Amino acid sequence: MNPLEFKKFHSQVAKQSREKSRLTVCPICGKEQTSFCNSHSIPQFILNNISVNGQLLQFPSIAADDFLIENRVFDAKKGTKNSCTFQFICRECDSKIFSEYEDVSNIRQRPSNKMMAEIELKNTLLMLSKRRYEQPFYEIVEGELENFDRGPLVEIQEDDIRDYTIEFERALRTVYNLQPAKYKLLYWKKYSYKMPIACQTLIPLRETINGFLVNNVHSLDKNYHLEDMNLCIFPLEKETVVMIFYCEKYEKRYRNFRNEFLRLPEKQKLQYISYLVFAYTENFVISPDIDHAILKNENLKTLSQETNGIPNMGIVPMGLWDLEDYHPISWQEIPNIMDSKYAIQ
Ligand SMILES: [Zn+2]
């Protein structure tokens with residue numbers, strides 16, 4: 001398939017998958033819907049702080065190979081209206097349910113328990129909508145392409161949906177103050193400069209900084225649940241708020257990581273968080289004002305193409321599963337995009 005054929009194939013499969021995965025009721029209020037809100041997974045007023053002429057650099061600007069960008073298979077840039085969006089809940093819920101955290105004066109303060117619940121609620125909604133879309137997507141691809149086999153992907157997607165649903169329901173109960181859960185704020189700091197990146201995401205941390213197991217992402221045991229932490233990088237007008245938190249129930253799994261992280265010197269904390277972003281999520285945007293040397297950094301590109309430490313988005317050609325010679329990019333090997341030297345105005 002040449003890039004143009006691939007682009008056509010991709011957009012057809014995407015369209016069918018969107019139709020197949022569309023909900024009929026809003027998962028928050030349960031009311032029937034014919035259309036859904038274009039929700040921002042990172043608040044739009046935060047995106048506006050780092051956009052240039054309303055434009056933002058997307059995940060493919062770092063991760064995709066040049067020929068895919070040149071052939072417009074993936075967009076390197078998008079407008080703020082279409083950056084980090086998902087269609088999964090109704091307009092009414094979208095305008096109400098996140099109101100405490102989608103408020104700049106609240107974001108400038110240490111978050112309340114309810115704000116953390118709102119953030120986790122949105123993060124789980126994004127992941128649920130993503131996985132529900134991916135299920136028909138890969139099913140169609142498997143039917144169309146001879147050499148593509150979903151393998152364990154079917155079960156992994158089902159388990160993910162089960163685990164995200166548990167987190168979604170817990171966060172929703174907390175927002176509504178019904179059997180609320182307590183969140184542990186592992187890290188919160190307001191930096192006095194504007195970082196060129198915005199991010200809001202769940203992270204199923206695999207191991208601590210010193211390499212001890214946190215979540216076994218490869219487990220196929222039906223009784224094993226992944227436990228996510230939440231990471232936010234919120235550039236404001238002249239400052240940046242950075243936070244990491246998780247449900248207190250997860251303390252046992254995250255305790256070692258917390259101790260190791262809090263012992264890091266300040267600069268290395270930001271270095272490590274930068275690593276988490278590129279290693280774990282696609283849900284970030286970058287300012288077009290960024291130092292362009294970063295976009296060309298080979299280690300950053302390789303890292304953002306890894307999935308669970310496996311290269312090439314986790315898709316390895318048959319017969320090449322022997323990855324013993326592959327060394328995943330380590331957290332010290334990438335540029336620290338959150339450092340003050342890369343601050344933007
Ligand atoms: Zn609703």
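Tabulated data for the structure shown
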| quantity | calculated |
| --- | --- |
| Positive-pole candidate from SER11, PRO60, LEU47, dipole of the range 1-66, charges at beta carbon | SER11 |
| Set of aspartates and glutamates near LYS249 by C-alpha distance (under 12 Å), chain-local residues within fewer than 8 positions excluded | GLU167, GLU227, ASP228 |
| Calculated SAXS-style log₁₀ I(q)/I(0) at q = 0.07, 0.08, 0.15 Å⁻¹ - the chain, Debye, Cα scatterers | -0.28, -0.38, -1.58 |
| Taking the C-alpha atoms of the range 18-141, convex hull volume expressed per residue in Å³ | 136 Å³ |
| Cross-link pairs LYS96/LYS182; LYS20/LYS77; LYS182/LYS341; LYS184/LYS267; LYS78/LYS189 - those with Cα-Cα distance over 32 Å | LYS182/LYS341 |
| Distance (nanometres) between label positions extended 7 Å along Cα→Cβ at ARG108 and GLU155 | 5.2 nm |
| Entries in LYS222/LYS252; LYS238/LYS269; LYS15/LYS269; LYS7/LYS194; LYS81/LYS301 that, when Cα-Cα distance is taken, lie over 31 Å | LYS15/LYS269; LYS7/LYS194 |
| Pairwise centroid distance, computed over Cα atoms, of the range 180-251 with the range 73-110, Å | 18 Å |
| Span-rule helices in the chain, defined as complete DSSP H runs reaching 20 Å or more along the axis (Cα) with Kyte mean at least -0.5 | 153-175, 266-280 |
| MRE, 222 nm, helices only [DSSP H, n ≥ 4, -39500 (n - 2.57), over the chain, to nearest 500] | -12500 deg cm²/dmol |
| Hull-based mean projected area of the range 154-200, where the convex hull spans the alpha carbons, in square nanometres | 5.6 nm² |
| Label-point separation, GLU239 to THR24 (7 Å along Cα→Cβ), nm | 4.8 nm |
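Read-outs: derived from the displayed coordinates by stated rules, not from any lab. Here the structure is a predicted model, which means the values were calculated and not measured. Because the Cβ atoms are built from the backbone with ideal geometry, glycine has one as well, and the counts that use them run over all protein chains shown.
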